[in-house]
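The values are calculated or read from the model by the stated rules, or taken from the named source; none is laboratory data. Keep in mind it's a predicted model, so treat the numbers as computed, not measured. Here the Cβ positions follow ideal geometry from the backbone for every residue, glycine too, while neighbour counts run over all protein chains shown. All accessible areas refer to the heavy atoms of the entire protein, side chains included, with ligands and DNA or RNA removed. Shrake-Rupley method; radii C 1.70, N 1.55, O 1.52, S 1.80 Å.
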Amino acid sequence: MSQAKAAYSRILVKLSGEALMGDGDYGIDPVVIKRIAGELHEIVQMGVQLAVVIGGGNIFRGAGLARAGMDRVAADHMGMLATVMNALAMQDALESLGMHARVMSAIRINEVCEDYIRRRAVRHLEKGRVTVFAAGTGNPFFTTDTAAALRAIEINADVLLKATKVNGVFSDDPLRNPQARRYAHLTFDKVLADRLNVMDATAIVMCRDNRLPLREDVGTAVTVD
């Protein structure tokens, strides 16, 4: 059977930390992360250079801790460390499938992973290694969505793919509003004008200004006119 031809040569996939929980309320489900690693493996087998950004909401969510009264900077630093934990778990799952993977952190934790250096990241990708970017942008007040957009732009990715719990982008939360309308296609300006919860506004603006296509799941594209 011939191998399917990929539409893109280099992509960045943004995963939520919650996706790793499975049916649990906290942490990482080994079965789920192994399944996700298998799906990423299939992408690499198509000859695609693959980068990944994972959130930390399954362990700590900085914004939520701040709303509960914690200092925002401290809370965001805890959230960054949570993303490092998820990235290391993903690296292990990928390597268990025989893949080569590297974790690169925006904050210095040399004992467990590499520092993020753009040129080194691109070199890893060129060598066929899955590169997992951890610790967000390394700065508080920025989400992992923004980190994903930033890293995708820096490595010259062809597209940013955002995995979601629902099949596409809707006018409202389809889990709470069955009448929510699903969009087949959007522009970045409409996402911003209608305040659609695709990604945070900073990430959307970065994608728009750098003409980086954003796709949510397989059926919905958010592109610039």
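Assuming A37 fulfils every condition listed in (1) out of contact with any Gly (no Cβ under 9 Å at 6 or more places or on another chain); (2) within 18 Å of V159 (Cα to Cα); (3) surrounded by 20 or more Cβ atoms within 10 Å (Cβ to Cβ) apart from one, which condition is it?
Result: A37 fails condition (2) only.
Run A63 past the list (1) of a type outside the set (K, R); (2) open to solvent by 70 Å² or more (accessible area, probe 1.4 Å); (3) modelled with pLDDT under 90; (4) assigned to a helix (DSSP H, G or I) and report the number of the one that doesn't hold.
Unmet for A63, out of (1) of a type outside the set (K, R); (2) open to solvent by 70 Å² or more (accessible area, probe 1.4 Å); (3) modelled with pLDDT under 90; (4) assigned to a helix (DSSP H, G or I): (2).
For segment 129-137, indicate whether the set of residues that are open to solvent by 30 Å² or more (accessible area, probe 1.4 Å) and in contact with a strand residue (DSSP E or B) (Cβ under 7 Å, 6 or more places away or on another chain) is non-empty. Give the derivation first.
As a first pass, look at segment 129-137 and keep what is open to solvent by 30 Å² or more (accessible area, probe 1.4 Å): 129.
Within this subset, residues satisfying the condition of being in contact with a strand residue (DSSP E or B) (Cβ under 7 Å, 6 or more places away or on another chain) are 129.
Yes, the conditions are met somewhere in segment 129-137.
Given the condition part of a loop (DSSP other than H, G, I, E, B), in contact with a helix residue (DSSP H, G or I) (Cβ under 9 Å, 6 or more places away or on another chain), open to solvent by less than 30 Å² (accessible area, probe 1.4 Å) and modelled with pLDDT of 85 or more, answer yes or no: does some residue in segment 204-224 qualify? Step through it out loud before you land on a result.
Going residue by residue through segment 204-224, those that are part of a loop (DSSP other than H, G, I, E, B) are 210-213, 217-219, 224.
Pick out the ones that are also in contact with a helix residue (DSSP H, G or I) (Cβ under 9 Å, 6 or more places away or on another chain) and you get 210, 212-213, 224.
Cutting the leftovers down to open to solvent by less than 30 Å² (accessible area, probe 1.4 Å) gives us 212.
Remaining after also requiring modelled with pLDDT of 85 or more: 212.
Yes, segment 204-224 contains a residue that is part of a loop (DSSP other than H, G, I, E, B), in contact with a helix residue (DSSP H, G or I) (Cβ under 9 Å, 6 or more places away or on another chain), open to solvent by less than 30 Å² (accessible area, probe 1.4 Å) and modelled with pLDDT of 85 or more.
Taking segment 67-122 as the search range and keeping residues that are β-branched (V, I, T) and in contact (Cβ under 8 Å) with a residue 40 or more places away in the chain, which one is surrounded by the most Cβ atoms within 10 Å (Cβ to Cβ)? Steps first, answer last, please.
If we filter segment 67-122 for residues that are β-branched (V, I, T), which is where we start, we get 73, 83-84, 103, 107, 109, 112, 117, 122.
Checking the rest, the ones that are also in contact (Cβ under 8 Å) with a residue 40 or more places away in the chain come to 73, 83-84.
Values: V73: 13, T83: 29, V84: 23.
Among those that are β-branched (V, I, T) and in contact (Cβ under 8 Å) with a residue 40 or more places away in the chain, it is T83.
Output the residues belonging to segment 17-34 that are farther than 12 Å from L94 by Cβ and open to solvent by less than 90 Å² (accessible area, probe 1.4 Å).
Filtering segment 17-34 for residues farther than 12 Å from L94 by Cβ gives 17-32.
Correct list: G17, E18, A19, L20, M21, G22, G24, G27, I28, D29, V32.
Please specify each residue of segment 110-138 satisfying the condition of being touching a helix residue (DSSP H, G or I) at 6+ places or on another chain (Cβ under 8 Å), among the hydrophobic types (A, V, I, L, M, F, W, C) and part of a loop (DSSP other than H, G, I, E, B).
V112, C113, A135
Out of (1) more than 14 Å from the chain's Cα centre (by Cα); (2) over 24 Å from E126 (Cβ atoms), what's the single condition that is false for V44?
For V44, the failing item is (2).
Only one of K162, K127 is modelled with pLDDT under 95 and among the basic types (K, R); which?
Details: K127 fails: modelled with pLDDT under 95.
After ruling out the rest, the residue left standing is K162.
Okay, residues lined up against (1) under 19 Å from the mean Cα position of the chain (by Cα); (2) assigned to a loop (DSSP other than H, G, I, E, B); (3) more than 18 Å from L15 (Cα to Cα):
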position	(1), (2), (3)
V53	yes, no, no
I59	yes, yes, no
M80	yes, no, no
M90	yes, no, no
L97	no, yes, yes
V103	yes, no, no
R108	no, yes, yes
P140	yes, yes, yes
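Take D76 and tell me if it is of a type outside the set (F, W, Y) and either in a loop (DSSP other than H, G, I, E, B) or more than 14 Å from A134 (Cα to Cα) (or both). Walk me through how you get there before you give the answer.
On the way: of a type outside the set (F, W, Y): yes; either in a loop (DSSP other than H, G, I, E, B) or more than 14 Å from A134 (Cα to Cα) (or both): no.
Judged against the criteria, D76 is not a match.
Has segment 141-154 got any residue that is among the hydroxyl-bearing types (S, T, Y), modelled with pLDDT under 90 and open to solvent by less than 70 Å² (accessible area, probe 1.4 Å)? So that I can check it myself, show each step before the final result.
Within segment 141-154, the first condition is being among the hydroxyl-bearing types (S, T, Y), and the residues that meet it are 143-144, 146.
From what is left, the residues that are modelled with pLDDT under 90 are none.
The answer is no; no qualifying residue exists.
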